[in-house]
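Worksheet: one structure, shown below.
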Amino acid sequence: MIRKSRWTFVQYLRTSKAFGTFCFMIFSSVIMAKLDTGIVKQFWLINPTLQDSQKGTCVHDKSCADHLFDGLLKYGSIGLILETARAILAKFSFLISNRPQFVREFRQIWNLKLALFLAAYVGIYRSTSCMLTHFNLNGSTGGPAVAGFLAGWAYALYPKYQIFTLALTKAIEMSWEHWIKTNRNLPDWVQRLARLPFVYLAQIVSFGYLGHIYAFHPHLSPSFHVKAMDVCSKNLTLNMRRTLIGWFVGHPGEPAW
């Protein structure tokens, strides 16, 4: 909805790297603060080391420098592997039919941004956490939030919708889960709402909306999303789109099912 919005203000915010980075920093701050409590256990880019030791002492086994460089190397390598796999899958057809063309296409789309993003995010978070610990600030609830906020700056190196929306949804999910688990006197409407199968409902709505975007706004759909929809539905979504286009232009095609 944001990508296809025609509002001038929304279009400006959509293209503003500074605004996107600031929002991601806020989301990252919320996420790391909730994960640090140990109450919320969900997937995120990194998992904080719970500070259960005495103040002024880091809980990781290695020295702070080794802990930092270990994160840079590990997550940077993961970024390189993921980026290489993405580039290969995107141009896989050339790998089979035309290898020289594959090499040229691969070089054009492959870059270090994902690796730099992951390494920078982990590096900033770990270095900030260690400094706050030595200043006796990381034992408080504000330490992980500050470290997560500063680490969110790494988004400026790799401003992608997928990462932004992941951070947004995770911040909301973790805040909700933390509130549900820590609040003993929840309102009745919240208790009833918590019984609903949100995962399945969100999945139904999400797939429906993704199918709508695929059919009516294909230029806004990432190539990975298009390929994933085709593969997961065994080209059912693609056939439905072709049928709809045929109806609109007055030449209905074969049924999509």
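Having 1 or more residues that are without any contact (Cβ under 8 Å) to a residue 40 or more places away in the chain and of a type in the set (G, A, S) is the bar; report the helices (runs of 4 or more DSSP H) wholly within the range 59-139 that clear it. Before you say what the answer is, go through the steps one by one.
Working: elements: 64-90, 92-97, 99-109, 113-134.
Per the criteria, 64-90, 92-97, 113-134.
In the range 91-110, how many are in contact with an Asp or Glu (Cβ under 7 Å, 6 or more places away or on another chain) and under 30 Å from G71 (Cβ atoms)?
Count: 1.
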Given the structure, is F164 touching a residue at least 24 places away in the same chain (Cβ under 8 Å) and aromatic (F, W, Y)? yes
Search the range 227-252 for residues that are over 24 Å from A90 (Cα atoms) and pair each with any residue that is modelled with pLDDT under 75 and of a type outside the set (G, A, S) when their beta-carbon atoms are under 7 Å apart and the residues are at least 6 apart or on different chains. T243/P252; T243/P255; G246/P252
For the condition among the aliphatic types (A, V, I, L, M), closer than 18 Å to M32 by Cβ and part of a helix (DSSP H, G or I), what is the one hit in A167, A202, A215? A167
Given the structure, is T21 under 23 Å from the mean Cα position of the chain (by Cα) and surrounded by fewer than 17 Cβ atoms within 10 Å (Cβ to Cβ)? no
Does S97 fit the bill of being assigned by TED's automatic domain parsing to the domain that holds F164, closer than 25 Å to Y161 by Cβ, among the hydroxyl-bearing types (S, T, Y) and exposed (fewer than 14 other Cβ atoms within 10 Å of the Cβ)? no
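I'm trying to understand the selection: among the residues of the range 4-44, which are of a type in the set (V, I, T), in a helix (DSSP H, G or I) and in contact with a helix residue (DSSP H, G or I) (Cβ under 6 Å, 6 or more places away or on another chain)?
Correct list: T21, V30, I31.
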Of everything in the range 184-234 that's exposed (fewer than 11 other Cβ atoms within 10 Å of the Cβ) and either touching a Pro at 6+ places or on another chain (Cβ under 6 Å) or basic (K, R) (or both), which residue is nearest to I245 (Cα to Cα)? K234
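Quick one: is K34 at pLDDT 90 or above, assigned by TED's automatic domain parsing to the domain that holds Y158, touching a Ser or Thr at 6+ places or on another chain (Cβ under 8 Å) and under 20 Å from G152 (Cα atoms)?
yes
The values are calculated or read from the model by the stated rules, or taken from the named source; none is laboratory data. Treat the numbers as computed from the prediction; the structure is a model and nothing was measured. Quick reminder, even Gly has a Cβ in these numbers, built from the backbone with ideal geometry, and neighbours come from all protein chains shown.
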